[in-house]
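The values are calculated or read from the model by the stated rules, or taken from the named source; none is laboratory data. Given the structure is predicted, the values throughout are model-derived calculations rather than measurements. Reconstructed Cβ throughout: ideal geometry from the backbone, glycine too, with neighbour counts over all protein chains shown. We work out accessible area using only protein heavy atoms, side chains counted, and drop any ligands, DNA or RNA first. Shrake-Rupley method; radii C 1.70, N 1.55, O 1.52, S 1.80 Å.
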Amino acid sequence: MRLALAQINPLVGDVTGNATKIEQFAAQAGRAGADLVVFPELTLCGYPPRDLLLKPRFVEDVLRTTSALAERLRDGPAMLVGTLQPSEKPVGRRLHNALALLQGGRVAATFHKSLLPTYDVFDEHRYFEPAQRPGVYDLPVQGRDVRIGVTICEDLWNDKRFFDRPLYERNPLDDLVGAGATLIVNSSASPFIAGKQAFREKLLGSQAAAIGRPIAIVNQIGGNDELIFDGASAYFDATGRLVARAKAFDEDLLIVETDPPAAARIEPYPDDLDSIRQALVLGTRDYVRKCGFTDVVLGLSGGIDSALTAAIAVEALSPARVHGVAMPSRFSSDHSLDDARALAANLGIDYRVIPIEPMHAAIETHLAPHFDGRPPDTTEENMQARLRGNILMSLSNKFGWLLLTTGNKSELAVGYCTLYGDMCGGLAVISDVPKTVVYQLSRAINARAGREIIPARSITKPPSAELRPDQHDQQSLPPYDDLDAILHHYVEQEESADQIIARGFDAAVVRDVVRKVDMNEYKRKQAATGLKVTSRAFGVGRRMPIAARFG
């Protein structure tokens, strides 16, 4: 059988546009002689559709388009398309997360997702009923039937050999093998996490070998809000050997001969650091494009965070679409302006300087009588950040540019940021990137370009917010190597302060970091949407209370 894995980049809610893209890829697969084309999970909706699923008109549109698509593609190959199907049960959720088999001008069969994840960014029990029976189908291919076992994303993620505590009672693979399936196909929308691809391929290859049947997986690509999907669709033969892999972070149509598996292309998958860069570029490009923007604006401080954010934005959008603004105060060093100017020149972006000193002096003068003689403190520092946020938001409003925030995960974790100041913006590009990784990415960008994109001084100088004389981050925070390690254990691994201290970290430092993480939840709830690249980001997947006392 000739199998086509069509990894496409859908737009959530754009049912008509997604259907058009499906038709284009189906036609391409037909020209390649495919017998079956498999599209990603919920292709017609885009994943994740979230509470659009609660709108009856949206559901009706998806169902109507599914039938119309089958009619329009009646002369093409058989197709498995991610869609919705109403539940026939009188109780429970109203919908199934489904795959429709389009063949001969009609919906020949539908298959439902069995395992519905409700952890991290997933909330599928909110919308869907699970499958009641194994999804198998006898597909006529060249005079014989191929019994295909159909699964959807999470259905392949309950192998007890890989998880200390499986989340589900059953493994759908066992049911499909028992029903006589000879080929397993999986339609996925599996979000990117740095390092996940190696585990994904190990899991799927091991399962193929264990059941003695090939497994094909097609994965969505693209950015949808904070989630990024990396593609890398793949085919594993019955021994568990990787036979084919599609491109990462790009649309692709992967053709595989399944019986016997013929030589197919195996596209390279980037290493962990470069995969983060590519994910951030894709996530930025799609967020800007899918939200209807063309240009972005950001503050350029001369520091490494804004430099990295600008470099990512240029790669995502082109230099002509990126606007950088330096906003010096009386505390800004000459080298900060020099580095911001050099970065803009290296990137070829629009660059302007708007000093905030007159505004800062004016607001200090007007507010001083109301401060009851209290000495200057962080209030005056935060005024500067908020003035900068006001300027950037004004440019955003005037020109229709999307404002990018430039704070990293380490700062956001401990509240080293100003509400309505440097937190102003529509997209937080590196808010899930620890400071230590910011440095690694910046060096890698220069190495990849073979020249200095991010000024060397921005990488080597001690980081500073420059909101008071001789200010440095390490006056308020531990060294970033230590801070990021503590945050990894506390935020991503959910370890307690005592457990982290037992690892050898200084007790006072650990307890101070943990206290800061907990007390700044209110700030993070008001932060811009941030692109997720780690296993535990500050976003929809981390649902901590604000008014709480624990630990």
Of all C-alpha pairs within the chain, those more than 40 angstrom apart amount in percent to 31 percent
Sequence ranges 366-379, 400-413, ranked by mean other-Cβ count within 10 angstrom, highest first
400-413, 366-379
Among A447, N397, P434, whose Cα lies farthest out toward the positive end of the dipole of region 387-464, if unit charges sit on the beta carbon of Lys, Arg (+1) and Asp, Glu (-1)?
A447
Calculate what fraction, in whole %, of the accessible area of region 70-220 sits on carbon and sulfur atoms when a 1.4 Å probe is rolled over the protein chains.
48 percent
Using a 1.4 Å probe on heavy atoms of the protein chains only, the accessible area for F399 in Å², nearest 10, reads 110 Å²
Round to the nearest 10 and give me the degree value, 0 to 90, for the angle of helix 304-317's Cα axis relative to the longest principal axis of the chain.
40 degrees
If you take every residue apart from M519 with its C-beta less than 14 Å away from the C-beta of M519, what net charge results, scoring Lys and Arg +1 and Asp and Glu -1?
+4
Need one number: % antiparallel among DSSP beta bridges in region 126-231, to the nearest 5.
50 percent
Looking only at lysines whose Cα falls under 26 Å of K516's and that sit 8 or more positions away or on another chain, we get K409, K435, K461, K525, K532
Between region 234-252 and region 105-127, how far is it from one alpha carbon centroid to the other, in angstrom?
23 Å
Length added when fully stretched, K202-D271, from 0.36 nm per residue minus Cα-Cα
23.3 nm
Percent relative contact order for the chain, counting Cα pairs under 8 Å at least six residues apart, stands at 11 percent
Using alpha carbons only, what's the Rg to Rh ratio of region 439-532 with Rh from Kirkwood?
1.03
Looking only at the chain, where both bridge partners belong to it, what percent of the DSSP beta bridges are antiparallel (to the nearest 5)?
55 percent
Using θ = phi - 60° and the Karplus curve 6.51 cos²θ - 1.76 cosθ + 1.60, what whole-Hz ³J(HN,Hα) does each residue of region 546-551 get, with Gly and Pro shown as x?
8, 7, 8, 9, 8, x
Taking Cα atoms only, helix 435-449 is inclined relative to the longest principal axis of the chain by an angle, in degrees rounded to 10, of 80 degrees
Two-site label geometry, A449 and R170: point separation in nm, points 7 Å out along Cα→Cβ
5.5 nm
Cα axis of helix 196-211 to longest principal axis of the chain: angle in degrees, 0 to 90, nearest 10?
20 degrees
Which shape class applies to region 103-240: rounded if a/c is under 1.5, otherwise prolate when a/b exceeds b/c and oblate if not, where a ≥ b ≥ c are the square roots of the Cα gyration tensor eigenvalues?
rounded
Region 3-159 - share of DSSP beta bridges that are antiparallel (%, nearest 5):
75 percent
